[in-house]
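What follows is calculated from the coordinates using simple rules that are stated; it is not laboratory data. What you see is a predicted model; the values in this text were computed from it and never measured. Every residue, glycine among them, receives a Cβ derived from its backbone with ideal geometry; neighbour counts consider all protein chains shown.
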Amino acid sequence: MARHTVLTLRRQKQAGDRITMLTAYDYTMARLLDEAGVEMLLVGDSLGMVMLGYEDTLSVTMEDMIHHSRAVARGAASALVVTDMPFMSYHVCVEEAVRNAGRLVREGHAQAVKLEGGTDFCPHIAAITRASIPVVAHLGLTPQSVNALGGYRVQGREARQAQALLDDARAVQQAGAFALVLECVPAPLAARITQALDIPVIGIGAGAGCDGQVLVAQDMLGMFSGFRPRFVRRFAEGGELVRKAAEAYCHAVKAGEFPAEEHGWGMEDDVLEKVY
Ligand code: KIV
């Protein structure tokens, strides 16, 4: 299967072929999702909650992102690997943003980076793009701003906020972003933004009118029960499957049923007799 690129994704938007994106944080999951045909793998900073057990994404470091990004990149044969720039890795100045985006590509083997923010971050997007690093912008509910936003809530419900979102979307496209993630935005507004842009818009909690969809893989698999946002559909009860398998394993070990003969190696009796 050929590699998905910024060009193939743009063509998908033009052809009306919806884009699929899921998060991945490790090699095994990346391989499975890639084999299933997922077109973009997001090494999201949601790994702070899903992989590391933090309350939010704010404690995630560049080292965390590089570590997980390298693993995902090794498992992704076709999918485009996009890695999140963590909180405070691009906020201080444009130079630091470019340097850190470069680290995610060179050390984390990302093929693109994602950062949260609109007009205020256009200089950063432009500079990173100039360094030949493709950028995905992220607007709407931007989890790194949870404290400033006063919680995880739908964005763009009022006219002024909705206009600001559309303006931001146009601005990040103009700055060079090759795609946009829209999170927790009313569906009609997300559809309007999608129509207004030439770049692919990937929605999460933003309705079916976007060019593609992204979910946290563990949410989609029913494996993460920290909280369950309204926009999540469980396509499997993976958590239950894991729990049941682990219970069966514990039972088999305690009962002496596992390992069975076929799971090990025998040896000649006379060899063992020589051992004292
Ligand atoms: O970090 C993440 O998983 C994300 C998605 C929710 C879009 O940014």
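Take the alpha carbon gyration tensor of the stretch 118-185, find the square roots of its eigenvalues, order them as a ≥ b ≥ c, and report rounded if a/c is under 1.5; if not, report prolate when a/b exceeds b/c, else oblate.
prolate
In debye to the nearest 20, how big a dipole does the chain give about its Cα centre with +1 on each Lys and Arg Cβ and -1 on each Asp and Glu Cβ?
Roughly 1360 debye for the chain.
Name the residues of the stretch 46-66 whose amide N is less than 13 Å from a point 7 angstrom out from the Cα of Asn147 along the C-beta direction?
Only 56-60 fall inside the zone, counting backbone N under 13 Å.
Only bridges whose two residues both fall in the chain count here: according to DSSP, what percent of them are antiparallel, nearest 5? Each step should come with its number before you reach the end.
Working: 0 of 29 bridges.
If I count the DSSP bridges inside the chain, around 0 percent turn out antiparallel.
Pull up all non-local amide H partners of Lys114: gap of 5 or more, or a different chain, and H-to-H distance under 5 Å with H placed in the peptide plane.
Thr83, Asp84, Met85, Val136
Just name one of Gln14, Cys93, Met62: the one whose Cα is farthest towards the positive end of the charge dipole of the stretch 1-131 (beta-carbon charges, Lys/Arg +1, Asp/Glu -1).
After comparing all options, I get Gln14.
Could you point to the residue in Val232, Gly222, Val242 farthest towards the positive end of the stretch 215-276's charge dipole, with +1 and -1 charges on the Cβ of Lys/Arg and Asp/Glu respectively?
Of Val232, Gly222, Val242, it is Val232.
Using the Cα gyration tensor of the stretch 1-142, with a ≥ b ≥ c the square roots of its eigenvalues, what is the shape: rounded (a/c below 1.5), prolate (a/b larger than b/c) or oblate (neither)? Mind showing how you got there, number by number?
Working: a/c = 1.61, a/b = 1.17, b/c = 1.38.
The shape class here is oblate.
For every other residue with a beta carbon closer than 14 angstrom to the beta carbon of Glu237, add +1 if it is Lys or Arg and -1 if Asp or Glu, then tell me the sum.
Working: positive: Arg228, Arg233, Arg234, Arg243, Lys244; negative: Asp219, Glu240.
So the surrounding residues net to +3.
Can you classify the chain as rounded, prolate or oblate using the Cα gyration tensor, where a ≥ b ≥ c are the square roots of its eigenvalues, rounded means a/c under 1.5, and otherwise it's prolate if a/b beats b/c and oblate if not?
It is prolate, given that a/c is not under 1.5 and a/b is the larger ratio.
Once phi is turned into ³J(HN,Hα) by the Karplus curve 6.51 cos²θ - 1.76 cosθ + 1.60 with θ = phi - 60°, what whole-Hz value does each residue of the stretch 136-142 show in order, with x for glycine and proline?
9, 8, 9, 10, x, 6, 10
Just want the ordering: His263, His4, from fewest to most Cβ atoms lying within 10 Å of their own Cβ. Intermediate results must be reported in sequence, preceding the final value.
Numbers: His263 7, His4 24.
Sorted ascending by nearby Cβ count, the order is His263, His4.
Would you please state which residues of the stretch 131-173 a label at Asp198 would reach in this model, taking the label point 7 Å out along Cα→Cβ and a backbone N cut-off of under 20 Å?
The answer is 131-138, 166-173, whose backbone nitrogens lie closer than 20 Å to the label point.
What does the charge add up to near Arg70, with Lys and Arg as +1, Asp and Glu as -1, over the other residues with Cβ less than 12 Å from its Cβ?
Cβ neighbours under 12 Å give a net charge of -1.
With +1 on each Lys and Arg Cβ and -1 on each Asp and Glu Cβ, how big is the dipole of the stretch 1-83 about its Cα centre, in debye rounded to the nearest 20?
Value, rounded to 20: 540 debye.
Mind checking the stretch 4-84 for GluC sites (Glu not before Pro) that DSSP puts in a loop (not H, G, I, E or B) and that have at most 14 other Cβ atoms within 10 Å? Numbers along the way, then the final one.
Numbers: sites: Glu35, Glu39, Glu55, Glu63; in loops: Glu39, Glu55.
Counting only loop positions with at most 14 other Cβ atoms within 10 Å, the GluC sites (Glu not before Pro) in the stretch 4-84 are Glu55.
Quote the FRET efficiency, to the nearest 0.05, computed for Asp120 versus Arg10 with a Förster distance R0 of 45 Å and r equal to the Cβ-Cβ distance.
On the way: r = 25 Å, r/R0 = 0.57.
Efficiency, rounded to the nearest 0.05: 0.95.
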